Amino acid sequence: ISTDGAKDAIEYAVISDSDVNLLQDFVEKYVRSESGESKIRAKVLQTQRSQLIPIVTEDMLRSIARDDVQVKMFHALRVRSLIVVPLMLREDNIGFIYMASQRSEKVYGPADLALIEELARRASSAIDNARLYHEAQAAIATRDEFLSIASHELKTPITSLKLQLQMTRKNVKPELQIAPSAEKLAKVLDISTSQVDRLVVLIDDL
């Protein structure tokens, strides 16, 4: 990553396959697992403030590790310098960013901490935007489903009512003075009234 030409490029190194496997074990035991939470992560979570350890000494290592297994993992990963930054979304913690150096000549300082905190701020914002987008899409899907169901429910009594009226109108022939019997007409009116009542209920529910 470069902010102002190659001279300001942030150096990085590809770690070995064995380190990758060890790092995955470390993440499963002490990052994703709440029961295996390390002391440094607990401190960051409690204070909601970043932790910068420029030089990880043996005493410092034992003070931040949860147990001897974690100490051994730190040794195996050759952690020389460490930064832990919380991902904050308003007042809530949604995660952490860990940055560790395996090189003794690479000691993290305030500038590195400021960079990672800015990265954390932007990452939190991106996560928040993604959540809001997901919620908006879910709301749109719910709205569309509701409108589809409402449209179907409203059309059903209207279709029945229209059919009853069409059949009645077809049987009414004023020029021949022909009309349905009072009994049939009463039945049609009863069905039509029932459909109108159903429409009223649906509209009230809407």
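The values are calculated or read from the model by the stated rules, or taken from the named source; none is laboratory data. Bear in mind that the values here come from a model prediction, so they are computed numbers and not experimental data. Heads up, the Cβs are rebuilt from the backbone with ideal geometry, glycines too, and the neighbour counts pull from every protein chain shown. We work out accessible area using only protein heavy atoms, side chains counted, and drop any ligands, DNA or RNA first. Shrake-Rupley method; radii C 1.70, N 1.55, O 1.52, S 1.80 Å.
Mean residue ellipticity at 222 nm from the helices of the chain, using -39,500 (n - 2.57) per DSSP H segment of n ≥ 4 over the full residue count, to the nearest 500 deg cm²/dmol? Don't jump to the answer; show the numbers that get you there.
Numbers: 6 runs with 125 residues, N = 206.
Per the formula, -21000 deg cm²/dmol.
Rank 100, 182, 120 by mean-square fluctuation in a GNM of the chain with C-alpha springs under 10 angstrom and give only the top-ranked residue.
It is 182.
What do you get for the angle between helix 182-205 and the principal long axis of the chain? Use alpha-carbon atoms, 0 to 90 degrees, nearest ten.
Roughly 20 degrees between the two axes.
How many nm is it between the label spots at residue 135 and residue 189, if each spot is 7 Å from the Cα in line with the beta carbon?
Reported label-point gap for residue 135 and residue 189 is 5.4 nm.
On a 0 to 90° scale, report how tilted helix 68-77 is relative to the longest principal axis of the chain, with both axes built from alpha carbons and the result rounded to the nearest 10.
On a 0 to 90 degree scale, this one is about 80.
Hey, if you put +1 on the Cβ of every Lys and Arg and -1 on every Asp and Glu Cβ in the chain, which of 71, 126, 149 ends up farthest toward the positive end of that dipole?
Final value for the positive-end residue is 149.
What is the extension gain from residue 39 to residue 146, computed as 0.36 nm multiplied by their sequence separation minus the C-alpha to C-alpha distance, in nm to one decimal?
Numbers: separation 107, 0.36 × 107 = 38.52 nm, distance 4.89 nm.
Between residue 39 and residue 146, full extension yields an extra 33.6 nm.
Which cross-chain or sequence-distant (5 or more) residues have an amide H under 5 Å from the amide H of residue 87, H modelled 1.01 Å from N in plane?
Amide H neighbours of residue 87, under 5 Å, 5+ apart: 94, 95, 96, 97.
Which whole-angstrom value gives the distance between the alpha carbon centres of the range 161-206 and the range 49-83?
Rounded to whole Å, the Cα centres lie 83 Å apart.
Is the C-alpha gyration tensor of the range 24-126 telling us rounded, prolate or oblate? Criteria: a/c under 1.5 is rounded; beyond that, a/b larger than b/c is prolate, otherwise oblate. Mind showing how you got there, number by number?
Details: a/c = 1.91, a/b = 1.25, b/c = 1.53.
Oblate shape, in that a/c is at least 1.5 and b/c is the bigger or equal ratio.
Give the span of the range 124-206's Cα atoms along each principal axis, as three whole-Å numbers ordered largest to smallest.
Principal axes ranked by extent give 79, 21, 11 Å for the Cα atoms.
What is the percent carbon and sulfur in the accessible area of the range 156-206, measuring with a 1.4 Å probe over the protein chains and ignoring ligands? All intermediate terms of the calculation are to be shown ahead of the outcome.
Numbers: 2530 of 4150 Å².
Of all accessible area on the range 156-206, carbon and sulfur atoms account for 61 percent.
On a 0 to 90 degree scale, rounded to 10, what angle separates helix 17-30 from the longest Cα axis of the chain?
Orientation of helix 17-30: about 70 degrees from the principal axis.
For the range 45-201, compute Rh as the Kirkwood radius over C-alpha pairs and then the Stokes-Einstein diffusion coefficient at 37 °C and 0.692 mPa s; write the answer in µm²/s, rounded to an integer.
Roughly 146 µm²/s, to the nearest whole number.
What spacing in nm lies between the two simple spin-label points modelled at residue 58 and residue 91, each 7 Å away from Cα in the Cβ direction?
Those two pseudo-labels are separated by 4.5 nm.
Please label the shape of the range 57-108 as rounded, prolate or oblate, based on the square roots a ≥ b ≥ c of the eigenvalues of the alpha-carbon gyration tensor (a/c under 1.5 means rounded; beyond that, a/b larger than b/c means prolate, else oblate).
Working: a/c = 2.69, a/b = 1.59, b/c = 1.69.
Note, shape of the range 57-108 comes out oblate.
What spacing in nm lies between the two simple spin-label points modelled at residue 165 and residue 178, each 7 Å away from Cα in the Cβ direction?
So the label points at residue 165 and residue 178 sit 2.3 nm apart.
I'd like the FRET efficiency for residue 102 and residue 48, computed as 1/(1 + (r/R0)^6) with the beta carbon distance as r and R0 of 25 Å, rounded to 0.05. Numbers along the way, then the final one.
Working: r = 28 Å, r/R0 = 1.12.
It comes out at approximately 0.35.
Accessible area per residue for the chain in Å², computed with a 1.4 Å probe and the full protein assembly in place, what is it? Walk me through the intermediate numbers first.
Values: 14640 Å² over 206 residues.
I get 71 Å² per residue for the chain.
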